[in-house]
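Below is one structure, written out as structure tokens; comments come after it.
The values are calculated or read from the model by the stated rules, or taken from the named source; none is laboratory data. Treat the numbers as computed from the prediction; the structure is a model and nothing was measured. In this analysis, Cβ positions are derived from the backbone assuming ideal geometry, glycine residues included, and neighbour counts consider all displayed protein chains.
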Amino acid sequence: MITRRQFLAGAALAPLVIRSRTSAAERRPNFVFILTDDHRWDWLGCAGHPWFRSANIDRIAREGARFTNAFVTTSLCSPSRASFLTGRYAHSHGVKDNQTPLDPSIPTFAQLLQKAGYDTAFIGKWHMDNQEGVQPGFNRWIAPKGHGDYYDPTFNIDGEYVRIPGYNTDIITRYALEWLRLPRTKPFCLILAHKAPHGGFEPAVRHLKLYSDVEFTPRPNVYDTREGKPDYVRNAKRFERGTEEYEALVQRVKDYSRTLAAVDESTGRVLDALKDIGVLDDTAVVFAGDNGFFFGEHGLLDKRAAYEESIRIPLLMRYPPLVRPGSLIEPMALNIDLCPTFLDLAGIEVPRGVEGRSWRPILGGARAGGGPSFSTNTSATPRPRRDRRFAPSAPRGGNTSHTPKAAAPPSFMTLRRILSR
Ligand SMILES: [Ca+2]
């Protein structure tokens, strides 16, 4: 019987074996990383949502894989984004909140890909301490300062600020498509980082009436008892049907969904462009959210507490050389894994300090014995590590049809300190 240690040792060697035998994997893939903001794991058609439609995003899952146990190690915009980029926990990359810039001396996958000859672009929301201007690792840079605006946003375009009329999602998509279509001989890496569906939720005008007639059914834990919960949760506002607060919550849910409609259109256009220029199957396309969001669960809004709704994320990947269409990948995947995965697929050595692991073994169907665990953290928590404590458990309570099959056990869900904005 193979032990977990033996399995992981074998998995660590697997990339070398696959690369040496598989012609498709010998080619350096292009990368497109589409990142949404505060996008819940269950807010996708392919994840079983009862009324939210995401046909284009779902295409990535249908033609590739959906990770059913994907999490972020810190459920806040900037720390999570830095973790995706660097493969490190927040305590390691140092972006502990939204006011801390990413130290440019910590290598991102973009820096390493650029150094290895990739053409690289960052288009969208960077959002680390209002960090301005072109960041290391990108040949093309289009980003607002901080959050940016949904309408008529101002972007720093390769060093120059320009206010652009229109809707944020449409604008960054247009720039992304222009960049993708540039003639080039090098492989490329595009990060398309959406502001949507971050609050305040301002949908595109064409989507303002979308979902007007649907009924939002809260998860049962919106009405959980507070007994034994931390003060932070006990003191949170309850959402009772028929109240003004409840109606505001429903409006919030619908506007959130409407902002994502433009992201779905954008995703379809990106996939179509990749196909048009003949590189779709040579491109590893990853779609992820930077953290989840509370719609009243536990009495909470926002995402600054380590419950399932905030730390579980949507994660999809399309890359035919390694990912079978329609795959459901159950082993745990984390935001810190993206960086080593991209470097692995590009044949680039993963630098010291990276704490994530390449997804390559689990893309091919390997099961890591129930999956490793991880810790959510802030700068104040002890150094987290992955080990064997985690095992998927049954979902918490009955729920609507979009409850996932497996949820992290409550014992793992340590409520973390509220991060300041
Ligand atoms: Ca976020």
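A few points about this structure:
- Residue match in region 309-327 (condition: without any contact (Cβ under 8 Å) to a residue 60 or more places away in the chain and more than 16 Å from the ligand (Cβ to nearest atom)): no
- In region 248-303, of all residues being touching a residue at least 12 places away in the same chain (Cβ under 8 Å) and basic (Lys, Arg), the one that is farthest from the ligand (Cβ to nearest atom) corresponds to ARG269.
- Total residues in region 222-270, condition surrounded by fewer than 19 Cβ atoms within 10 Å (Cβ to Cβ), in contact with a Lys or Arg (Cβ under 8 Å, 6 or more places away or on another chain) and part of a helix (DSSP H, G or I): 5
- Region 226-247 residues that are touching a residue at least 24 places away in the same chain (Cβ under 8 Å), paired with ones that are part of a helix (DSSP H, G or I) and of a type in the set (Phe, Trp, Tyr) (beta carbon under 7 Å, 6 or more apart): PHE239/TYR246
- If you go through region 190-221 and keep only what is crowded, with 18+ Cβ neighbours inside 10 Å and among the basic types (Lys, Arg), you end up with LYS195, ARG219.
- Identity of the residue in region 308-340, assigned to a helix (DSSP H, G or I) and within 14 Å of the chain's Cα centre (by Cα), that ends up farthest from SER92 (Cα to Cα): GLU309
- Restricting region 48-69 to residues that are under 16 Å from MET332 (Cα atoms) and in contact with a helix residue (DSSP H, G or I) (Cβ under 8 Å, 6 or more places away or on another chain), the residue that is nearest to the ligand (Cβ to nearest atom): ARG66
- Region 152-172: number of residues that are touching a Ser or Thr at 6+ places or on another chain (Cβ under 9 Å) and either over 25 Å from LEU76 (Cβ atoms) or of a type in the set (Gly, Ala, Ser) (or both): 5
- Candidate set from region 274-308 (those that are of a type in the set (D, E, K, R) and modelled with pLDDT under 95); member that is farthest from PRO29 (Cα to Cα): GLU297
- Considering only residues in region 71-86 that are more than 9 Å from the ligand (Cβ to nearest atom) and either polar (S, T, N, Q) or more than 15 Å from LEU315 (Cβ to Cβ) (or both), the one that is surrounded by the most Cβ atoms within 10 Å (Cβ to Cβ) turns out to be THR74.
- Flag not set for GLY146, criterion: under 26 Å from the mean Cα position of the chain (by Cα), modelled with pLDDT of 95 or more and of a type in the set (Gly, Ala, Ser).
- Selection status of PRO220, at pLDDT 95 or above and touching a Gly at 6+ places or on another chain (Cβ under 9 Å): no
- For region 36-47, the criterion of a residue being within 14 Å of the ligand (Cβ to nearest atom) and outside any loop (DSSP other than H, G, I, E, B) is satisfied by at least one position.
- In summary, GLY94 fulfils each of the numbered conditions (1) within 16 Å of the ligand (Cβ to nearest atom); (2) at pLDDT below 95; (3) at positive phi with the single exception of condition (1).
- Restricting attention to region 113-138 and to residues that are surrounded by fewer than 17 Cβ atoms within 10 Å (Cβ to Cβ) and modelled with pLDDT of 95 or more, the residue that is farthest from ARG27 (Cα to Cα) turns out to be PRO136.
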